[in-house]
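The values are calculated or read from the model by the stated rules, or taken from the named source; none is laboratory data. Source: prediction; values computed, not measured. FYI the Cβ positions are ideal-geometry reconstructions off the backbone, even for glycines, and counts take in every protein chain you see.
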Amino acid sequence: MTDGGGPETIGAAAQALARALRAAGGETPEHDARLLAAAAAGLSREDLARAPETLLSGDAARTLAGYRARRLACEPVSRILGVRSFYGRTFRITPDVLDPRPETETIVEAALEVAALEGWRERPLRVLDVGTGSGCLLLTLLAELPRATGSGTDVSRDALRIAAENAVRLGLGDRARFDPGRSLAPRDGGIVEQFDLLVSNPPYIPSGEIATLERPVRDFDPRLALDGGPDGLDVYRELTAGLSAVVPDGWVLFEVGAGQADAVAGLMRASLPPARLRTLRTWRDLGGHIRCVAVRTQV
Ligand SMILES: C[S@@+](CC[C@H](N)C(=O)[O-])C[C@H]1O[C@@H](n2cnc3c(N)ncnc32)[C@H](O)[C@@H]1O
């Protein structure tokens, strides 16, 4: 509503929201305000830019007021709108899944590099993503490697529902399977499946540091997606214990947190007899931190 009580234009509403977000210390107030105002009005950002004089309906104004309160409480725009772009594709997210991070695209880049190296683009390939969350890693790899099929596992059944929904939305439902599971524990009946490529972005924040994280992470990402135990390495220990049985002859790529690369590489090395470890490699993210630690196993 305007001061006079009449309907407000979408352009004016976006400007007012940007001012409020800037005053609250937001880092990208104009960008956030445009996204939220356009979404509240059911328009694209291009529509908003083209027709800022469009009047906001009462419903749209109420929706925007709700978005404003949530953004001022530090909720990320991606969570408010329930969507996140990852490696050029749009993923639905809910409070049950980690909001995919740009640095996790390093795992995709690394996996595509080893896939090219191994000639995996030309042949059927089996991919496992442990702790799949929204499914962003597995589904991106399946989309980029058309002959691949894959499995995503997670301890959270709610997350698996979102991942499966994303698979269908991206047209990948027939190549992806999602099953509940902890780390590399065998499926019911003791069956150990084997894969060519294992990727995982496990929870890796030391439990004691979670309370010190920034509010958008601490308050809005699920604890199950963050908490890696006392030193942050609990899930890496579980994963490396089962490595050689699940990936006897292929690549294993783990995302790691800042300063964890050496410890995770040590766990990977210790889990494989020297003759079974052909290569150990790392990749850095755009910020220059080692973000991916990988091994090539061999029979
Ligand atoms: C950091 S999130 C990663 C989500 C997604 N792969 C991504 O990169 O955005 C970690 C995920 O692992 C799941 N998880 C936690 N512990 C696990 C375990 N031991 N085995 C399998 N999944 C686990 C969590 O529920 C969460 O979905």
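Key figures
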{"quantity": "Residue satisfying condition, being within 11 Å of the ligand (Cβ to nearest atom), surrounded by fewer than 16 Cβ atoms within 10 Å (Cβ to Cβ) and over 13 Å from the mean Cα position of the chain (by Cα), within set D158, D174", "calculated": "D158"}
{"quantity": "Residue in the stretch 237-246 that is part of a helix (DSSP H, G or I), within 13 Å of the ligand (Cβ to nearest atom), at negative phi and of a type in the set (K, R) present", "calculated": "yes"}
{"quantity": "Yes/no for D221 being within 18 Å of the chain's Cα centre (by Cα), among the charged types (D, E, K, R) and either surrounded by 13 or more Cβ atoms within 10 Å (Cβ to Cβ) or outside the structural domain of C136 (by TED's automatic domain parsing) (or both)", "calculated": "yes"}
{"quantity": "In the stretch 63-86, the residues that are surrounded by fewer than 20 Cβ atoms within 10 Å (Cβ to Cβ) and in contact with a Ser or Thr (Cβ under 8 Å, 6 or more places away or on another chain)", "calculated": "G82, V83"}
{"quantity": "Count of the stretch 137-155 residues which are within 9 Å of the ligand (Cβ to nearest atom) and in contact with a helix residue (DSSP H, G or I) (Cβ under 7 Å, 6 or more places away or on another chain)", "calculated": "4"}
{"quantity": "Which numbered condition R89 fails, given (1) free of Cβ contacts under 8 Å to residues at least 60 places away in the same chain; (2) crowded, with 16+ Cβ neighbours inside 10 Å; (3) basic (K, R)", "calculated": "(1)"}
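Okay, residues lined up against (1) within 16 Å of the ligand (Cβ to nearest atom); (2) assigned to a loop (DSSP other than H, G, I, E, B); (3) more than 18 Å from V217 (Cβ to Cβ); (4) β-branched (V, I, T):
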{"residue": "E75", "(1), (2), (3), (4)": "no, yes, no, no"}
{"residue": "L98", "(1), (2), (3), (4)": "yes, yes, no, no"}
{"residue": "V108", "(1), (2), (3), (4)": "yes, no, yes, yes"}
{"residue": "A116", "(1), (2), (3), (4)": "no, no, yes, no"}
{"residue": "R121", "(1), (2), (3), (4)": "no, no, yes, no"}
{"residue": "D129", "(1), (2), (3), (4)": "yes, no, yes, no"}
